[in-house]
Amino acid sequence: MINEDSISDTLKQQRSYFATNQTKEIDFRRQQLATLKQLIIDHEPAIIQALQADLHKPELEAVTSEIILALKEIELAIKSLKNWTKPQKAAVPWQLLPASAQIQPEPLGIVLIIGAWNYPFQLVIVPLIGAIAAGNCTILKPSEIATHTSHLIAELIPKYFHSDYISVFTGGIETSQKLLSEKFDHIFFTGSTHVGKIIMTAAAKNLTPVTLELGGKNPCIVDIDIHLEHTARRIIWGKFINAGQTCIAPDYILVNTKTKDQLLINLKKCLKEFYGDHPEKSPDYARIINQTNFDRLVNLLKNSEIIIGGETNLSELYIAPTIINNVSFADEIMQSEIFGPLLPIIEYTDISEAITWINSQSKPLTLYLFSQNKNLQQKILQTTSSGAVCLNETVIHFTVPSLPFGGVGNSGIGSYHGKASFDTFSHYKSVLKNPFWIDIKLRYAPYKGKLSILKQLFKF
Ligand code: NAD
């Protein structure tokens with residue numbers, strides 16, 4: 001049971017601490033980022049173990065997609081802090097000279113970060129890096145569904161940070177809702193579109209700004225004349241890491257009829273190459289997070305034309321990497337985000353059919369296109385809307401700190417990673433300064449005779 005008083009008390013203490021202005025000092029922010037880096041380095045084995053316990057996450061996936069990602073973000077923030085925090089000069093119309101202007105970032109105050117379970121460590125730690133870099137105090141609420149990682153975060157953070165500065169509250173919906181009944185200066189949420197709406201509604205009561213990192217169905221279009229082997233490998237990798245429980249995994253494939261047979265041969269070959277004939281025995285293949293998601297996914301397999309995979313084992317929460325052929329837009333699997341290791345194949349003869357379908361759906365977090373045709377690449381970029389587009393690749397755009405990561409429409413509001421994280425947790429304050437040595441009276445009453453001069457000055 002979460003103690004409501006402890007949430008309110010922590011918030012009060014964080015407000016007092018923020019008011020000391022200590023979190024705004026650049027050296028302080030740098031030290032805290034270095035402390036967070038140390039926390040991760042000191043406890044790398046425990047983090048890997050927790051991710052293994054929650055998701056059977058292979059060590060390589062844990063290290064690359066959760067640990068290295070966070071460490072690189074910290075290094076970039078430490079290196080860039082001086083530059084990011086520097087006020088930027090802004091131009092002033094000559095009519096207002098000798099006034100000068102600048103834009104100065106300032107922290108928002110106390111921020112709340114709520115995470116999802118699929119990358120349970122980095123989904124709270126990477127936003128935290130932005131919150132620290134921008135000079136805020138933070139409350140973290142990791143996902144209760146990834147129990148081991150959530151508890152590990154709650155155990156480690158107080159060992160390295162004072163609760164007046166960074167605090168963790170574990171628990172599920174109840175904890176979230178108690179947190180949401182308080183006033184924060186920003187809420188950063190990662191999770192489903194459905195809960196995203198609940199978060200935004202709660203935030204609206206206090207006019208709290210939100211960043212919503214949500215999900216959706218990411219289309220993966222496969223054209224003709226592509227490098228089939230590389231295409232298959234990149235799709236299989238992006239789809240089946242973390243057993244398909246990745247917000248930017250290709251959700252389904254839209255393949256040109258002329259390419260389909262060859263693509264399927266290559267996809268199947270590649271699956272065997274990655275996970276062998278018995279993926280259940282592969283140390284490199286994750287498990288479904290819990291029975292609720294397992295049951296939901298097994299249900300989607302019913303009456304489907306499975307061409308590889310399809311095996312399930314409840315006691316292990318195992319679902320084989322599965323490819324489903326001849327899927328139609330009306331099938332149940334196409335009605336919501338799959339978020340698991342099932343890959344439906346839909347074919348098209350004319351690319352406009354594919355584009356029409358994509359544009360009739362909610363805007364995806366990422367759209368994938370495999371094509372060497374520059375005109376088609378351009379057409380997709382110009383006629384569709386999504387959080388991101390990857391051409392001839394999957395998922396790795398997420399690891400590029402100079403690319404803001406976030407959705408559009410139902411896939412999210414706002415973005416983070418690299419400088420975008422700093423921006424998300426900062427307010428850019430406009431500052432205008434005028435010296436005393438001159439004070440032209442043209443704008444002051446009495447106005448008689450001044451309008452025509454002002455019109456001339458402004459060429460109006
Ligand atoms: P979820 O929305 O069920 O839960 C996310 C968080 O919200 C959890 O911490 C949970 O405790 C809390 N929560 C759940 N119900 C709540 C409620 N009624 N009121 C207040 N808080 C509540 O999402 P999930 O199942 O953890 O994650 C899966 C979803 O997250 C997928 O849709 C996936 O695409 C998306 N996701 C998006 C990103 C991204 O970066 N865009 C990353 C990972 C996951």
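Would you calculate the convex hull of the Cα atoms in the range 102-244 and tell me its volume per residue in Å³?
166
What number comes out for accessible area per residue over the chain if the probe is 1.4 Å? Units Å², please.
Details: 21360 Å² over 460 residues.
Normalised by residue count, the accessible surface of the chain is 46 Å².
If I take every Cα pair under 8 Å that is 6 or more residues apart in the range 293-359, average their sequence separation and divide by the length, what percent do I get for the relative contact order?
Numbers: 77 pairs, mean separation 17.9, N = 67.
In percent, rounded to a whole number, it is 27.
List the residues, sorted by chain then number, that are 5 or more residues from Ala388 or on another chain and whose placed amide H is less than 5 Å from its amide H.
Thr366, Leu367
How many lysine pairs in the range 73-213, separated by 8 or more positions in sequence or lying on different chains, have Cα atoms less than 21 Å apart?
Counting lysine pairs in the range 73-213 gives 10.
Compactness ratio of the range 251-356: Cα Rg over 2.2 N^0.38 Å, N = residue count?
Numbers: Rg = 14.3 Å, N = 106, 2.2 N^0.38 = 12.9 Å.
Its radius of gyration relative to the 2.2 N^0.38 Å reference: 1.10.
When ranked by the protection proxy of mean other Cβ atoms within 10 Å per residue, highest first, what sequence do the peptides 135-148, 199-212 form? Please list the in-between numbers first.
Numbers: 135-148: 23.7, 199-212: 16.4.
Highest to lowest by the protection proxy: 135-148, 199-212.
Which order do the peptides 445-457, 150-162, 244-256 take when ranked by the mean count of other beta-carbon atoms within 10 Å per residue, highest first?
Details: 445-457: 9.6, 150-162: 17.5, 244-256: 25.2.
Order by mean packing, descending: 244-256, 150-162, 445-457.
Hand me the GluC sites (Glu not before Pro) from the range 286-360 located in a DSSP loop with no more than 15 other Cβ atoms within 10 Å, in residue order please.
Numbers: sites: Glu305, Glu311, Glu316, Glu332, Glu337, Glu347, Glu353; in loops: Glu311, Glu337.
Within the range 286-360, the qualifying GluC sites (Glu not before Pro) (loop, at most 15 other Cβ atoms within 10 Å) are Glu311.
Please list, by residue number, every one of the chymotrypsin sites (Phe, Trp or Tyr not before Pro) in the range 278-329 that is coil in DSSP and has at most 15 other beta-carbon atoms within 10 Å. Mind dumping the intermediate values first?
On the way: sites: Tyr285, Phe294, Tyr318, Phe329; in loops: Tyr285, Phe329.
Here the chymotrypsin sites (Phe, Trp or Tyr not before Pro) that fit, given the DSSP loop and packing criteria, are Phe329.
So if I take the alpha carbon set of the range 21-82, get Rg, then get Rh from the Kirkwood formula, what is the Rg over Rh ratio?
Details: Rg = 13.9 Å, Rh = 12.7 Å.
Here Rg/Rh amounts to 1.09.
How large is ³J(HN,Hα), in whole Hz, for each residue of the range 362-375 in order, when computed from phi with the Karplus curve 6.51 cos²θ - 1.76 cosθ + 1.60 and θ = phi - 60°, using x for Gly and Pro?
4, 5, x, 6, 9, 10, 10, 10, 9, 6, 9, 7, 5, 5
Give the span of the range 219-406's Cα atoms along each principal axis, as three whole-Å numbers ordered largest to smallest.
48, 36, 31
In the range 219-406, carbon and sulfur make up what percent of the accessible area (probe 1.4 Å)?
Heavy-atom surface of the range 219-406 belonging to carbon and sulfur, 1.4 Å probe: 50 percent.
When the Debye formula is applied to the Cα atoms of the chain, each taken as the same point scatterer, what base-10 log of I(q)/I(0) results at q = 0.06, 0.10, 0.11, 0.13 Å⁻¹?
Result of the Debye calculation: -0.32, -0.78, -0.91, -1.16.
Relative contact order for the range 219-406 using alpha-carbon pairs under 8 Å, separation at least 6, rounded to a whole percent?
28
Any idea what the relative contact order of the chain is, in percent, if you count C-alpha pairs under 8 Å spaced at least 6 apart? It would help to have the intermediate numbers written out before the result.
Details: 852 pairs, mean separation 82.1, N = 460.
Computed value for the chain: 18 percent relative contact order.
Within 10 Å, count the other beta carbons around each residue, average over each peptide in 46-53, 116-123, and list them highest first.
The packing order, highest mean first, is 116-123, 46-53.
Where does the range 344-433 land on Rg/Rh, using Cα atoms and the Kirkwood Rh?
Values: Rg = 16.4 Å, Rh = 15.0 Å.
Using Cα coordinates only, the ratio equals 1.09.
Grab the DSSP H runs of the chain that are 4 residues or longer, score each as -39,500 (n - 2.57), total them, divide by all residues and round the 222 nm result to the nearest 500 deg cm²/dmol. Before the final figure, lay out the partial values.
On the way: 16 runs with 189 residues, N = 460.
When only DSSP H runs of four or more count, the value is -12500 deg cm²/dmol.
Provide the gained length on full extension for the span Asn299 to Leu403, in nm with one decimal, where the gain is 0.36 nm per separating residue minus the Cα-Cα distance.
On the way: separation 104, 0.36 × 104 = 37.44 nm, distance 3.63 nm.
So the extension gain works out to 33.8 nm.
The values are calculated or read from the model by the stated rules, or taken from the named source; none is laboratory data. All of these numbers come straight from a predicted model, not from anything done at the bench. A quick note on method: Cβ atoms are made from the backbone with ideal geometry, for glycine too, and the neighbour counts reach across all protein chains shown. Heads up: the accessible areas ignore ligands, DNA and RNA and are worked out on the full protein's heavy atoms, side chains in. Shrake-Rupley method; radii C 1.70, N 1.55, O 1.52, S 1.80 Å.
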